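K.L.:
Handing you this structure, nothing more for now.
Only the coordinates and a few stated rules stand behind these numbers; no lab work does. Because the structure is predicted, anything quoted here is derived from the model rather than measured. For neighbour counting, all protein chains shown are included, and Cβ atoms are generated from backbone atoms with ideal geometry for every residue, glycine included.
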Amino acid sequence: MSFGIDFGTSNSVVARWNGHTTEVLPIDSDNVPSQWRQPEFEQLFPSVLSVRDLQRTLCFGWEAKTGTSQPLDAVKRMLGTRSGAERDSGDTDGSEAAAQLEEHHVWVGSETFHSTVAAASLFSRMKEGVSAQLLDLSDAVVTVPANATGGARYRTRAAAALGGVKVRALLNEPTAAAISYVRDVPIPGRFLVFDWGGGTIDVTVLEYDDGLFEEQTSRGITALGGLEFDNALAKLIQQKIGLTADQLTKAEKRRWRRSVELTKIALSSVPMDGALFFDLPVGLAPSISRREVRITAAEYTEAISALITRALEPVQQALEDLAITADDIDSVLMIGGTSQIPQVRHALGELLGHDRIVDSGLCRPMTAVARGAAIYAASLDGELGDDRDFSLVTSYDLGTAVSAGEQKGFRAIIRRNATLPAEGSSTFYPNMPGASSVRVTVIEGEVGYSADSDRAFPLANIEVDLPTREQDSRRNKIEIKFRYNESGILRFTATHAETGVVLAEREIDSFGPDGTPLQHGLDDELTRLLAHTVRPFADGSSTVRHLSAAETANARPAPIDMSVRVVEADPAVTINGEPQGLVTGGL
C-alpha cells in the first residue's frame, strides 16, 4: 500500500495509491461542521490540536479547530530552524543557524511540549484515522516546502517517525502537485507551481519530460499565507467598529478568529459589487452599540492587495533567476487554499496569462500535493504498471566547509539538480601533522557562497578517527562519499585512501554540532501528551500560555453568536451550496 501525506500549516491530507488511481482518505470528515462544508474540505484534516473547554482532554482536527476556544495551529511553522527576522534579513551565518536548532516549546493544557512532539501527535492521529478504515499507515512519502531547510526537513521526518509513520521520502510540495497533474495530463513542458496555503508561499519552476522532474528554481516567503489574510480581514472589521487590536483581550481575539476565517471564505463567492454582514460576537466590547459590520468585496480586495502584491514577488524572482518570461511557461498550477482566492487567481493571470492557469478541476488545489506524494510512493514500489515512473533531483548543493581565509569556503560534492539516486566524493587531509582525526562538516549550501553564509545550512559535524597519527599528512588521506538514495535519504562514508579501510559510515539522521538526534527522549513526552486524549489535564489553564491571570481564571468562554449574511449580491451566488443568505458561524 503506497501512501502520501501532505503535512500542511493549516490542513493535512492523506492519500493512497489503490492500484489504479489515487484516493484521498477522509481522516476527520464526520466532525466537519455544516458551515465549513466547502469543496474538498471533508478530505482535510486541520493540523490543529487543542484542549476541550469542559472536559480538559486533548482533541485534534475539526473539533480542535472549531469546537474549542484555544486551538494550537501552525505547528509546521515551528519546525523551521531560523527565526522569521533572520530569514528576512539574511543576517545569519552557519554557526548561528546551528545554534538556532533548539526547538520551540508550546503550552498544551497545563504542560509544555516540544514542537516536534506536537507535530508528532498530528501524525499519530492521522495514522489512527487511517487504521479506522482498516488500512495500515506504517510508512509514507511526506511532502515539505521546496524552500525548507535541512533542519525543517529533518524535524518533519522525526515528527512522523515519532507518530508511527516511517518517512520513505521527503518530496517537495510543488513537485508533488506536478506529479499529480502529469499523471492525468502527461504532457511535457515547463510548469510554474504557485503553492500558497495557510502558512507559506512557494513558487517553483520545474521542467517535466519523460518521467523526470527537474526543479529549475524555487522562491518563496516563509510566513505569508491564509493566516495573514485572516489578520487583514480582522483588522478591517476592527477599524469599522472603531476598535483597535490592543483593546481586545487574547481570549476575545480567539473567540472570533474562526468566524473571520469563515467570512474570508464566504467573500470568495461574492461579486465585486456585493457585500457581507459580519455579526459581532455576543459579549465582545459591550460599549460598542453596533452588532454587525458591513464588508464590501471591494473593501476586502483593498485590504489584501498588499499581501497579493508581495506574493507576486517570488514569481518575478523565479522568472529572473532563469532569465525567462511568462511566454516560456507552459502551465501554471495553483495549489493551496489561499491560491484559490479570486483576487489572487486574477492577479497571477494578469502577470502570467490567464490562459496558462490550469483549471482547479485538473489540479485539485487542496489535495493535489497528497495525491502526488502517493503516486511517487507507488513509483518507488514499482506499482504504476507503466513506463511513467518518476525521478527527482536534489534541491541543494551538498558539500562541506574548507578553509578560505577569514571565511569558510564551501566545496560542493553533489550538485543541485542531480538526479536521484546521486552520489559524489572528495578527498581530505588532516589540517596538521600527527592529527588523530578529521572533522567533516556536512552542509547544504549554494555554489558561489561561503559555508558560513545565510545560503548554507549545517547538517552535521562528523569526527572521523584516523587509524594512526602520521607526520606526513598525505598518508592519512581520506575519501568522503555522500550518497542520496531514491528516497532522498543521505548516507555518509569515509574511507582511508591508502588502506581502503572504512573509517566511518552512517545515515545523516541528525543535525547540529553535537550530532545528537533531535528526537532523542521525545517518545515518553509524546506518550504523556497523547495520554490526555482520555485523561484531563491537571487544571483549567489555557492552551497557549500568554493569558492574564483574569483570563486564565475564566476557563470557559462566553457563548458565541456569529454569522455572516450576504447582501446586494448576484442571486446566482451560493455559499455552502445554498442561495445567498445566512452562513452561521461558531467555534
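K.L.:
Would you report the distance distribution of C-alpha pairs in segment 379-505 as whole percents per 10 angstrom bin, up to the bin with the largest distance?
P.N.:
13, 37, 30, 14, 5, 1
K.L.:
Rounded to two decimals, what is Rg over Rh for segment 109-241 when you use alpha-carbon atoms and the Kirkwood radius?
P.N.:
So for segment 109-241, dividing Rg by the Kirkwood Rh gives 1.05.
K.L.:
Volume per residue, Å³, of the convex hull around the alpha-carbon atoms of segment 1-71? Please list the in-between numbers first.
P.N.:
Values: hull volume 6.9 nm³, N = 71.
Looking at segment 1-71, the number lands at 97 Å³ per residue.
K.L.:
How much length would be gained if the chain were fully extended between residue 320 and residue 533, taking 0.36 nm per residue of separation minus their Cα-Cα distance, in nm to one decimal? Don't skip to the answer; put the middle values down first.
P.N.:
Numbers: separation 213, 0.36 × 213 = 76.68 nm, distance 5.01 nm.
Result: 71.7 nm gained on full extension.
K.L.:
Another one. Determine, for each peptide in 356-363, 294-301, the mean count of other beta carbons within 10 angstrom over its residues, then list the peptides with the highest first.
P.N.:
294-301, 356-363
K.L.:
Something else: Can you tell me the order of 210-218, 124-132, 330-338, 46-54 when each peptide is scored by its average per-residue count of other Cβ atoms within 10 angstrom, highest first? Write down the numbers at each step before the final one.
P.N.:
Values: 210-218: 17.8, 124-132: 19.6, 330-338: 25.1, 46-54: 22.8.
Per-residue mean Cβ counts within 10 Å order the peptides as 330-338, 46-54, 124-132, 210-218.
K.L.:
Give me a comma-separated list of calculated 3J(HN,Hα) values for segment 297-307, in order, Karplus coefficients 6.51, -1.76, 1.60 applied at θ = phi - 60°, integers in Hz, x for any Gly or Pro.
P.N.:
Residue by residue, segment 297-307 yields 4, 5, 5, 5, 4, 5, 5, 9, 4, 5, 5 Hz.
K.L.:
What is the gain in length, in nm to one decimal, between residue 184 and residue 524 on full extension, counting 0.36 nm per residue of separation less the C-alpha to C-alpha distance?
P.N.:
Additional length available on full extension: 118.0 nm.
K.L.:
Between residue 305 and residue 463, how many nm apart are label points set 7 Å from Cα along the C-beta direction?
P.N.:
6.0 nm
K.L.:
Further question on the same structure: Given the peptides 182-191, 7-16, arrange them by the average over their residues of other C-beta atoms within 10 Å, most packed first.
P.N.:
Result, highest mean first: 7-16, 182-191.
K.L.:
What are the residues whose amide H is under 5 Å from the amide H of residue 18, where those residues sit 5 or more places off or on another chain and H is modelled from the backbone?
P.N.:
23
K.L.:
Within 10 Å, Cβ to Cβ, of residue 401, how many net charges do the neighbouring residues add up to if Lys/Arg are +1 and Asp/Glu are -1?
P.N.:
Details: positive: 408, 411, 439; negative: 452.
Result for the local shell: +2.
K.L.:
I would also like to ask the following. Just tell me which lysines come within less than 29 Å, Cα to Cα, of residue 408; anything on the same chain fewer than 8 places away is out.
P.N.:
Partners found: 477, 481.
K.L.:
Sticking with this one: How much length is gained on full extension from residue 132 to residue 29, taking 0.36 nm per residue of separation minus their Cα-Cα distance?
P.N.:
My answer for the length gained is 35.8 nm.
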